[in-house]
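A.B. asks: Below is the structure I would like to discuss, written out as structure tokens.
A short reminder: the numbers here are calculations on the coordinates, not readings from a lab. Keep in mind it's a predicted model, so treat the numbers as computed, not measured. Cβ atoms come from the backbone with ideal geometry, glycine included; neighbour counts cover every protein chain shown.
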Amino acid sequence: MKLYKRNVIERILDPRESFRVNEIEIEYRRHPLLGFWVRVNYERAKRPKHAITKEDLSWIEDTKKNCPFCFENIEKMTPKFDPELVPEGRIRVGNTVTFPNLYPFGTLHAVSVLSKEHFLPLDQFKVEHFVNSFLAVKDLFERARKREPALRYVNIGMNYLQPAAASLVHPHIQVHLERTPSLLVEMEKLASQNYYNENLEPFWSSYLKEEKKEKVRYLGSTNGFEWVASFAPLGRDEVIGISTTGTTDFMQMDEEEIRGLAEGIVKTFKGYHKLGKYSLNFGIHSWPDRDPDFSLHIHIITRPSPSFLYCSDRGYLETLFGDIVVDDLPESVAGVLRENW
């Protein structure tokens, strides 16, 4: 496998330098599985933005008022599952609580509250937060699949803080079980199958082999997973954790694999904290059939810091053309995050 990139130079008359000629380098990276182009210009990080530069998180205290996910309010402010599915109403594992989403946008759309704490800086998330939550979600989905086997496709994601599209501050993940796959997961599965047919080996193990050979983006391993800073990121500071056990479906995971996934998530969060990040998204990409061409994996990206006014990292190229623009070199991200492995 070759990780392909090319560089182009743009020349401008730069007002910052009395309109002298300035050559700006742009790096194009081709996504090794899906083929789209990611554009990297780390000078963009220096561009002026109409935003508050020092994060003021004092407003978070006000969001505790009537927060439905705070433990004193969960019993009276969150819904319960159909008793035919979950007779106890909500699923509790440790300090996590899982219940239906009051405003669902998916089949069996549920929320799993991770902690008693209303707000957690990224370096204060614990492995048990995610282990307990994932075990509760697996329990829920096992019950649902017994009742309706057509619900085969697992979606698990996290929006943390408002820049990541979270409506509530309190740490939680969202999950739903679908009859059809999400678009990007389906694209990954098809591309993985094509790669396997052409190369007689899985894309995911080939990609990890290449990243471990180059060393500059490889982060390390946890039980059942290997972790890299993505060569062609889907968003800022992207980290990908890839199952190395042949697991394709979240529902196939045992508790030790779940713990390995949770450990990698927490290590990544701690690295993001060192980078000065607060807000993020993650998504677990799962496929119900145990096919040799696919591996369960997770994408984790950061979002802009929370403030009263900020510049979104999603522009027209991302939303209308499917190209991604980032301003952080994956190798620089890996240099910080690697310390946690």
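A.B. asks: Residue 179: net charge of surrounding residues, Cβ under 12 Å, Lys/Arg +1, Asp/Glu -1, itself excluded?
C.D. replies: Surrounding charge for residue 179 is 0.
A.B. asks: Let's see if you can work this out: charge +1 on each Lys and Arg Cβ, -1 on each Asp and Glu Cβ, no other charges. What is the dipole magnitude of the chain about its Cα centre, in debye to the nearest 20?
C.D. replies: The calculated dipole for the chain is roughly 480 debye.
A.B. asks: How would you classify the chain from its alpha-carbon gyration tensor, with a ≥ b ≥ c the square roots of the eigenvalues: rounded for a/c under 1.5, else prolate if a/b is greater than b/c, otherwise oblate?
C.D. replies: Oblate, since a/c reaches 1.5 and b/c is not below a/b.
A.B. asks: Which of 99, 253, 150 sits farthest toward the positive end of the charge dipole of the chain, with +1 on the Cβ of Lys and Arg and -1 on the Cβ of Asp and Glu?
C.D. replies: 99
A.B. asks: Taking segment 94-187, which chymotrypsin sites (Phe, Trp or Tyr not before Pro) meet the DSSP loop condition and have no more than 14 other C-beta atoms within 10 Å?
C.D. replies: Loop-located and lightly packed - 105.
A.B. asks: In addition: Could you work out how far helix 127-147 tilts from the main Cα principal axis of the chain, as a 0 to 90 degree angle to the nearest 10?
C.D. replies: 60 degrees
A.B. asks: Once you order the gyration tensor axes a ≥ b ≥ c over the Cα atoms, which shape class does segment 124-218 get: rounded for a/c under 1.5, otherwise prolate or oblate by comparing a/b with b/c?
C.D. replies: Here segment 124-218 falls in the oblate category.
A.B. asks: If the limit is 25 Å between Cα atoms, which of 76/116; 80/267; 138/267 go over it?
C.D. replies: 80/267
A.B. asks: While we're on this one: Among 33, 135, 102, which one moves the most in a GNM of the chain with springs linking Cα atoms closer than 10 Å?
C.D. replies: The residue that fluctuates most here is 102.
A.B. asks: Where is the GNM fluctuation largest for the chain (alpha-carbon springs, 10 angstrom cutoff): 236, 16, 303?
C.D. replies: Looking only at 236, 16, 303, the biggest GNM fluctuation is shown by 16.
A.B. asks: Which of 247, 98, 180 moves most in a GNM of the chain, Cα contacts under 10 Å?
C.D. replies: Looking only at 247, 98, 180, the largest GNM fluctuation is found for 180.
A.B. asks: In a shell of Cβ-Cβ distance under 14 Å around residue 338, excluding residue 338 itself, what net charge do Lys and Arg (+1) and Asp and Glu (-1) give?
C.D. replies: Surrounding charge for residue 338 is 0.
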